[in-house]
Amino acid sequence: MTPDLSFENGFSGIVCGVDEVGRGPWAGPLVAAAVILDRAAIPEGIRDSKTLSKKRLGILAGEIRASAVTGIGMVEAPELDRIGLTASNDLAMARAVAALSVKPDFALTDGKRAPKGMQCPAHPIIKGDGKSLSIAAASIIAKVHRDSLMAALALRHPGYGWETNAGYGTRAHADGLAKLGITCEHRRCFRPIQEFIS
């Protein structure tokens with residue numbers, strides 16, 4: 001399925017797409033992005049970030065940032081530990097929308113339920129990053145932003161492979177935990193990390 005503007009066209013006013021990345025990793029922030037596309041300058045090839053190569057992701061992210069209004073929202077690991085994954089997902093999305101320089105009238109969000117705490121009404125779309133161009137664009141911005149953050153954190157905390165695994169639970173990450181222990185970037189509320197702590 002190729003995403004299009006069918007959902008966006010169902011609402012009047014300014015519509016943004018919102019998506020998050022990083023629910024599952026053992027370490028690092030949960031990142032959400034919000035995007036208001038310029039209908040006259042939509043980059044070619046926007047689709048679900050999970051289907052794109054790293055090189056293509058980088059090119060598209062640059063093109064989206066140049067033509068669209070974008071906002072980023074994050075929840076760092078300690079805050080995620082404190083409030084939980086679902087609340088963190090809602091908060092990151094709300095922060096992404098709040099970071100937009102243009103206030104949207106409506107948000108299309110990826111997922112089964114509308115996030116709480118949004119500044120505008122939200123409509124959830126299951127697998128929205130494969131259906132809505134705005135959500136697909138947000139998925140690209142969120143992924144590229146988080147991957148670059150994890151590469152920077154890998155320089156500060158070498159030995160876990162974050163520059164390639166982005167904090168997900170790979171063998172390299174598990175080996176790093178066994179040798180080096182946990183960092184301030186690890187999510188202590190996640191069972192694998194709790195097992196390493198105990």
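Pairs to check: Lys54/Lys131; Lys54/Lys116; Lys50/Lys116; Lys55/Lys112; Lys54/Lys179. Give those whose C-alpha atoms are more than 27 Å from each other in this structure.
Lys54/Lys116; Lys55/Lys112; Lys54/Lys179
Is there a quick way to get the dipole size of the range 8-148? I mean about its Cα centre, with the Cβ of Lys and Arg at +1 and of Asp and Glu at -1; what is the value in debye to the nearest 20?
Dipole size: approximately 240 debye.
Along each principal axis of its Cα atoms, how long is the chain end to end? Whole angstroms, biggest number first, please.
That gives 53, 34, 29 Å along the principal axes, largest extent first.
Roughly how many whole Å is it from the C-alpha centroid of the range 1-77 to that of the range 133-165?
That distance is 14 Å.
Share of Cα-Cα pairs in the range 1-67 beyond 20 Å, in percent?
Tail of P(r) above 20 Å: 36 percent of Cα pairs.
Output the peptides 35-43, 103-111, 171-179 sorted from most to least packed, where packing is the average of other Cβ atoms within 10 Å over each peptide's residues.
103-111, 35-43, 171-179
With the dipole of the range 8-148 worked out from charges on the C-beta (+1 for Lys and Arg, -1 for Asp and Glu) around the Cα centre, which of Met118, Ser132, Ala107 lies farthest toward the positive end?
Ser132
With θ taken as phi - 60° and the coefficients 6.51, -1.76 and 1.60, list the Karplus ³J(HN,Hα) couplings across the range 71-81 in order, rounded to whole Hz; mark glycine and proline as x.
Values, residue by residue: x, 10, x, 9, 10, 6, 3, x, 5, 4, 4 Hz.
At 222 nm, what value in deg cm²/dmol follows for the chain if DSSP H runs of at least 4 each add -39500 (n - 2.57) and the sum is divided by all its residues, to the nearest 500?
Rounded to the nearest 500, it is -12500 deg cm²/dmol.
Could you tell me the largest-minus-smallest coordinate of the C-alpha atoms of the range 57-157 on each of the three principal axes, in descending order and whole angstroms?
On the principal axes, the range 57-157 reaches 40, 35, 26 Å in Cα extent.
Can you compute the charge dipole magnitude of the range 75-162 about its Cα centre, using +1 on each Lys and Arg Cβ and -1 on each Asp and Glu Cβ, nothing else charged? Give it in debye, rounded to the nearest 20. Can you show the working numbers first?
Details: 11 positive and 8 negative charges, 29 e Å.
Dipole about the Cα centre, nearest 20: 140 debye.
Can you find, among Val35, Gln194, Pro78, the residue sitting farthest towards the positive end of the charge dipole of the chain, where Lys and Arg contribute +1 and Asp and Glu -1 at Cβ?
Farthest along the dipole direction, towards plus: Gln194.
All of the numbers you see were taken from the coordinates with simple rules; none came from a lab. None of these values were measured; they are calculated from a predicted model. So basically every Cβ, Gly included, is an ideal-geometry build from the backbone, and we count neighbours across all protein chains shown.
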